[in-house]
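All remarks here apply to the structure that follows.
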Amino acid sequence: MALGGLGFLMFILVALNILAAAASLALFAVAIWVAVDGYKLYAISAVSGKDDIFAAAWIAIFTGFAFFLTCLFGIYAALKRSRNLMLVYLIIMFIIFIFECASAITAATNRDYLVGNSNLVKKQMLQFYTEDSSNGKRITDTWNRVMQEGKCCGADGPTDWLTFDSTYKTNFPKSFPWPENCCEKLSNSEVKNPTSCQTGGQALFKKGCFQHIEWVLSNYTWAVSWYGFAVLMFVFFMLLLAMVYYVQLD
Amino acid sequence: MKTNVVIRLVLQLTVCTYAVKSQTATPVLTPADLQGKITTNTVILKQPHCYFNETCSDCEIWLVPAISSAANSFDGDSTNNNILTLSPYPSAFGPQSKNYFLTKVGPQSDFPCDKSSDSLYFVVGSDGNCTTTNCNGILPTGSVVSFKYVLVQTSRITKVTNWSANITLFTPQKPASIYDGFVARSGAMVVITTILSVALGLLLIFFIVLCAVCGQKKESKPITGRGSMRMPRYDTHNLKDRVQPYENSAYEPERRK
């Protein structure tokens, strides 16, 4: 290949590495956003033992930053026209590629387990809400917050509390048919209209909470897996180009 | 002409009887939008406005919740003088019991016809698991129940409504019966997994090919050294004829003698 062609290839490679460095830094930031869990729904995945969405986010934090550093190294290796450096660059990128693949696939698969339908969330709510264990406290706090903030009740609706037995019913048999937090509350956390809450009138939140939970966990998943997938596809074609460049170097 | 008259008379009669029949009211579930209309052991009914036409100062409206299969049992007892205490609530339900009880709703004057509204309701079972004879106690969980409003005057039933339709209370299932296993693969997961696996495989193959190609190139390449001389034979002295360099001419005569 003529020297002019090689120079052009080097220029392309440097430009692509700069873009990949920026994209992987964004992956790093997005993965941090997922790991921080602003919606505070980690308890729902942790108690069921299926918190791989967050594990995948942690992997993506490391691979995102590693991609960033390696791309900067790749710029240096391409400019230096050094065979050995390019080989090192290719090997490191390949290893990080494998880890990022694992992260994207894990997040997507685990989301299907967790929020494919409302059964897992519903069963967990019925068993752990107001249960006197550490898991129970976490679930109770999470659901109390979700029901009040999202103005919802139960997984699919208030009838979940009627159709199924629950720890709540066993612990509070003389109370409302559904938890207090299913109803509108005053700022001093008392039920606004107890009669309406008891009969299920205006004061009761009628929609189910599963939609909100599924929306949040899906957003976390798509951030890690679809954006990770996009970065990986870009890096894939960049690595092919880097291999061609390596072969043309002498 | 005569047949015409007869037909008209028959029609009028059926209309009259139908009108009389429809005057007997039927208790219904509250039409209001209440999520707790039917629970595992309570029911919310529409209030008995306009169910009884009587105007009597001491009339009271009572409710008869009964297991649907025991409705006939109440109908047989309804003319009894002591009907109000015949089946007290605490012992009302069971295999040997009458499976109905009576509880007071309110005086007839509380339910005038012109105040009828869908938003007014009456909760059956609001007293919980109570102990008095005519308290508004909860129903057996998951049973099929029917209701009847009755007009009571001086502790005797004077008028009744029809039985309501059968209402099935919720039978709560165990949460362990919910199947929370794997449901289905979403399309996104399949796409991501297959494309990434293929990409990884391709990358690996290209990497191996790369190393193989570059390894081969290294061995077959001849070493060219531009600056070094190569000659098959190297002599330090540049002699064209091979002669002995040191020849002793004095030695030759001795050899001739």
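The values are calculated or read from the model by the stated rules, or taken from the named source; none is laboratory data. These numbers come from a predicted model, not from an experiment. Note that we place each Cβ from the backbone using ideal geometry, even for glycine, and neighbour counts take in every protein chain shown. Surface accessibility is based on the protein's heavy atoms, side chains included, excluding ligands, DNA and RNA. Shrake-Rupley method; radii C 1.70, N 1.55, O 1.52, S 1.80 Å.
From the list A:Glu180, A:Glu149, A:Glu184, which one is acidic (Asp, Glu) and under 25 Å from the mean Cα position of the chain (by Cα)? Result: A:Glu149 is the single residue among A:Glu180, A:Glu149, A:Glu184 that is acidic (Asp, Glu) and under 25 Å from the mean Cα position of the chain (by Cα).
Name the residue that is farthest from A:Leu79 (Cα to Cα), counting only residues in the range A:228-249 that are of a type in the set (Phe, Trp, Tyr) and either surrounded by 19 or more Cβ atoms within 10 Å (Cβ to Cβ) or within 9 Å of chain B (Cβ to nearest Cβ) (or both). Filtering first and then ranking leaves A:Phe229.
Working carefully through the options B:Leu169, B:Leu139, B:Leu200, B:Leu120, find the one that is of a type in the set (A, V, I, L, M, F, W, C) and in contact with a Cys (Cβ under 9 Å, 6 or more places away or on another chain).
So the residue among B:Leu169, B:Leu139, B:Leu200, B:Leu120 that is of a type in the set (A, V, I, L, M, F, W, C) and in contact with a Cys (Cβ under 9 Å, 6 or more places away or on another chain) is B:Leu200.
Put simply, of B:Ser155, B:Ser228, B:Ser186 the only residue that is modelled with pLDDT under 90, surrounded by 11 or more Cβ atoms within 10 Å (Cβ to Cβ) and more than 14 Å from chain A (Cβ to nearest Cβ) is B:Ser155. Tell me whether the range A:82-93 contains one or more residues that are under 18 Å from A:Val231 (Cα atoms), part of a helix (DSSP H, G or I), open to solvent by 60 Å² or more (accessible area, probe 1.4 Å) and within 11 Å of chain B (Cβ to nearest Cβ). For the range A:82-93, residues under 18 Å from A:Val231 (Cα atoms), part of a helix (DSSP H, G or I), open to solvent by 60 Å² or more (accessible area, probe 1.4 Å) and within 11 Å of chain B (Cβ to nearest Cβ): present. Going through (1) modelled with pLDDT of 95 or more; (2) surrounded by fewer than 21 Cβ atoms within 10 Å (Cβ to Cβ) one by one, A:Ser103 falls short only on (2).
When you look at A:Leu79, is it in contact (Cβ under 8 Å) with a residue 24 or more places away in the chain, over 30 Å from A:Cys209 (Cα atoms), open to solvent by 40 Å² or more (accessible area, probe 1.4 Å) and facing chain B (nearest Cβ under 10 Å), yes or no?
Values: in contact (Cβ under 8 Å) with a residue 24 or more places away in the chain: yes; over 30 Å from A:Cys209 (Cα atoms): yes; open to solvent by 40 Å² or more (accessible area, probe 1.4 Å): yes; facing chain B (nearest Cβ under 10 Å): no.
Answer is no for this residue.
Please specify each residue of the range A:1-42 satisfying the condition of being of a type in the set (Ser, Thr, Tyr) and open to solvent by 30 Å² or more (accessible area, probe 1.4 Å). Show your work before the answer.
Step one: of the range A:1-42, the residues of a type in the set (Ser, Thr, Tyr) are A:24, A:39, A:42.
A:Tyr39, A:Tyr42, listed by residue number.
The set of residues from the range B:128-173 being touching a Leu at 6+ places or on another chain (Cβ under 9 Å), farther than 30 Å from B:Ser57 by Cβ and assigned to a loop (DSSP other than H, G, I, E, B) comprises B:Leu139, B:Pro140, B:Thr141, B:Gly142, B:Ser143, B:Ala165, B:Leu169, B:Phe170, B:Pro172. Within the range B:83-91, identify whether any single residue is within 30 Å of B:Gln35 (Cα to Cα), free of Cβ contacts under 8 Å to residues at least 24 places away in the same chain and among the small types (Gly, Ala, Ser), and answer yes or no. Yes, because at least one residue in the range B:83-91 is within 30 Å of B:Gln35 (Cα to Cα), free of Cβ contacts under 8 Å to residues at least 24 places away in the same chain and among the small types (Gly, Ala, Ser). Looking at the range A:197-222, which of the residues that are open to solvent by less than 20 Å² (accessible area, probe 1.4 Å) and part of a helix (DSSP H, G or I) is nearest to the other protein chains (Cβ to nearest Cβ)? Among residues in the range A:197-222 that are open to solvent by less than 20 Å² (accessible area, probe 1.4 Å) and part of a helix (DSSP H, G or I), the one nearest to the other protein chains (Cβ to nearest Cβ) is A:Thr199. Considering only the range A:163-196, how many residues are buried (at least 19 other Cβ atoms within 10 Å of the Cβ), hydroxyl-bearing (Ser, Thr, Tyr) and assigned to a loop (DSSP other than H, G, I, E, B)? Of the residues in the range A:163-196, 1 are buried (at least 19 other Cβ atoms within 10 Å of the Cβ), hydroxyl-bearing (Ser, Thr, Tyr) and assigned to a loop (DSSP other than H, G, I, E, B).
Among the residues of the range A:125-143, those identified as part of a loop (DSSP other than H, G, I, E, B) and within 14 Å of another protein chain (Cβ to nearest Cβ) are A:Tyr129, A:Thr130, A:Glu131. Counting the residues of the range A:171-180 that are of a type outside the set (Phe, Trp, Tyr) and in contact with a Ser or Thr (Cβ under 9 Å, 6 or more places away or on another chain) gives 4. Just one of (1) within 25 Å of A:Gly38 (Cα to Cα); (2) surrounded by 21 or more Cβ atoms within 10 Å (Cβ to Cβ) fails for A:Asp160. It is (1).
Annotation for the range A:86-95: at least one member residue is in contact (Cβ under 8 Å) with a residue 40 or more places away in the chain and within 25 Å of the chain's Cα centre (by Cα).
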